[in-house]
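Read through the structure below, which is laid out as structure tokens, and then see the notes.
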Amino acid sequence: ALSTGTTVRVEDDTFTDRDGRLLPVAYSAAPIMVDQDVQGLVVVFTDVSARRAIEQRNKRELETLSWVGRNRDALDEERLVLYAQPIIDVNGREVVAHELLLRMVDRAGAIIAPGRFLPAAEQFGLIEEIDRWVLAQAIKLAGRGIKVHFNISGKSLGSRELISDLMRGLRDSGAAPSLLVCEITETALANDEAVAEAYVHELRVLGCEIALDDFGTGYGGFSYLKRLPLTVVKIDIEFVRDLPENPQNQHVVKAIVNLAEAFGRQTIAEGVENQATLELLKQYGVDFAQGYEIGRPA
């Protein structure tokens, strides 16, 4: 602005405050002219944090909308795939079950993690169809005598279609219902507790097992442990990952195991990444374990 004598306008820049805080701004620099000479400069700037936040939100929403079509295409083109992670008995170390983990395959063959495509499916009404697809695959595996854990989203809890699929699949495949373990998070249960509880009871009447996932991270876990016919409590990875080095987590895991035993429930520790953790879990009385030390999803 000083060298050319013209106003300069910048719509998107960042100033740094003295304390190091970054401030998104738009600004203009206008020269002050006196007798054809530049005698000074006026700079006016505006905080554009709100505008930038709106732009970023709009960008995220557009990204989410783009995944709606991709989810639909993946279902129609059979590009959903299940990975499996082994679950072992902590004492005998033999594999007793597998947790089924959903992935998408894009048209180039790349594997897409669920965190990228499932939020759009949940927001725009495709998640129940995806859950029904997962259930169908789980029933097929159970029909081959393989015990599997599968996940159900909160929006599918109470779905009559899913229950009908389960009953028909068990009848047609001859699978033992006890080979199907439905994993439900505390968050999913909290969406509509009355519907969720009725659904859990119905699954148990059919003979399926119920695992309460991510136990210890929510607020209703102890209440659900008392009220629901759960068979398994899954200790969240947050309390397992650094178990040998973290005394607080050691106390939490011991408390969860004692509580589960008091209610007649079994326990699974998620996120086991080394032998030291596995030995501690055995010492604390945890029944089952899964994690990268045992086997990666494949």
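Condition first: touching a strand residue (DSSP E or B) at 6+ places or on another chain (Cβ under 6 Å), open to solvent by less than 50 Å² (accessible area, probe 1.4 Å), touching a residue at least 40 places away in the same chain (Cβ under 8 Å) and assigned to a strand (DSSP E or B). Can you find one or more residues in the stretch 121-144 that meet it?
no
Considering only residues that are part of a helix (DSSP H, G or I) and out of contact with any Asp or Glu (no Cβ under 8 Å at 6 or more places or on another chain), which ones fall in the stretch 75-120? Walk me through how you get there before you give the answer.
Residues of the stretch 75-120 that are part of a helix (DSSP H, G or I), as a first pass: 75-76, 114-120.
Matches in the stretch 75-120: ASP76, PRO114, GLY115, ARG116, PHE117, LEU118, PRO119, ALA120.
Can you name every residue in the stretch 246-298 that is within 12 Å of ILE87 (Cα to Cα), of a type outside the set (Asp, Glu) and touching a helix residue (DSSP H, G or I) at 6+ places or on another chain (Cβ under 6 Å)?
THR267, ALA269, GLY271, VAL272, ALA289
Could you list, in sequence order, all residues of the stretch 96-112 that are open to solvent by 30 Å² or more (accessible area, probe 1.4 Å) and under 16 Å from ASP213 (Cα atoms)?
HIS98, LEU101 - these are the residues of the stretch 96-112 that are open to solvent by 30 Å² or more (accessible area, probe 1.4 Å) and under 16 Å from ASP213 (Cα atoms).
A quick yes/no check of all residues on (1) aliphatic (A, V, I, L, M); (2) open to solvent by less than 10 Å² (accessible area, probe 1.4 Å):
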position: ILE146; (1), (2): yes, no
position: LYS155; (1), (2): no, no
position: SER164; (1), (2): no, no
position: MET167; (1), (2): yes, no
position: PRO177; (1), (2): no, no
position: VAL181; (1), (2): yes, yes
position: ILE210; (1), (2): yes, yes
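Could you list all residues from the stretch 64-78 that are aliphatic (A, V, I, L, M) and open to solvent by 80 Å² or more (accessible area, probe 1.4 Å)?
LEU65
The values are calculated or read from the model by the stated rules, or taken from the named source; none is laboratory data. Owing to the predicted nature of the structure, the values given are computational and were not obtained by experimental measurement. Positions of Cβ are backbone-derived with ideal geometry, glycine not excepted, and every protein chain shown enters the neighbour counts. Side chains included, ligands, DNA and RNA excluded: accessible areas come from the protein's heavy atoms. Shrake-Rupley method; radii C 1.70, N 1.55, O 1.52, S 1.80 Å.
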